[in-house]
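Enquirer: Please find one structure pasted underneath; my questions will follow.
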Amino acid sequence: MAGKKKYVDQTRADMKSLNVYKPEYEPTIDLLGQICADRDKALKQFKDEGSQYTVEKPTREGVVMVKNPLFVLIQDLNSSIVQTRRELGLTPKGLKALKAKEADPKPTSALISLLAGEDDEPIASKAIS
């Protein structure tokens, strides 16, 4: 599908330009491409049907106005797009979080440090509780 591929290629290029691309992100990049393509289809259908934000819904009591299900779908897909882009580091908040994660060394427990020989304190001086 051309629409999905366009979004996948653009996302990958954006990530590479920000130096946050990793091959292990490919499934998420692919998912984002699919969500964007689905949003485009829903948006086209919404426009083709007159861009009505509310529609009539028959009930036992009569007819009530409700949000157009296509409009609700578009809103949900847009939220998913923003969330997925954030996870990939393609929003300011997401990029900041990814950079912070890369900058922080992984915390190690005292036992792991001791076993790895990273602790200069003699073993005998350590109290076991």
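The values are calculated or read from the model by the stated rules, or taken from the named source; none is laboratory data. For clarity, every value in this text was computed on a predicted model and none was experimentally measured. Every residue, glycine as well, gets a Cβ built from its backbone with ideal geometry; the counts of neighbours run over all protein chains shown.
Enquirer: Would region 52-60 turn up any residue that is in a strand (DSSP E or B) and among the aliphatic types (A, V, I, L, M)?
Expert: yes
Enquirer: Among the numbered criteria (1) in a helix (DSSP H, G or I); (2) among the acidic types (Asp, Glu); (3) modelled with pLDDT under 95, which one does Asp76 miss?
Expert: Going through (1) in a helix (DSSP H, G or I); (2) among the acidic types (Asp, Glu); (3) modelled with pLDDT under 95 one by one, Asp76 breaks only (3).
Enquirer: Do you know which residues across region 1-12 are in a helix (DSSP H, G or I), exposed (fewer than 15 other Cβ atoms within 10 Å of the Cβ) and among the hydrophobic types (A, V, I, L, M, F, W, C)?
Expert: Ala2
Enquirer: Further question: Looking at this structure, is Ile35 closer than 27 Å to Asn19 by Cβ, of a type in the set (A, V, I, L, M, F, W, C) and at pLDDT 95 or above?
Expert: So Ile35 passes the test.
Enquirer: Right, another one. Against the definition (out of contact with any Lys or Arg (no Cβ under 7 Å at 6 or more places or on another chain) and either on the phi > 0 side of the Ramachandran plot or not in a helix (DSSP H, G or I) (or both)), how does Met15 come out, yes or no?
Expert: The answer is no for Met15.
Enquirer: Pick from Arg86, Arg12: which is modelled with pLDDT of 95 or more and in contact with an Asp or Glu (Cβ under 9 Å, 6 or more places away or on another chain)?
Expert: Just one listed residue meets the conditions, Arg12.
Enquirer: Just one of Leu70, Leu90, Leu31 is part of a loop (DSSP other than H, G, I, E, B) and among the aliphatic types (A, V, I, L, M); which is it?
Expert: Leu90
Enquirer: Can you pull out every residue in region 48-80 that is of a type in the set (Asp, Glu) and closer than 18 Å to Ala37 by Cβ?
Expert: Across region 48-80, the qualifying residues are Asp48, Asp76.
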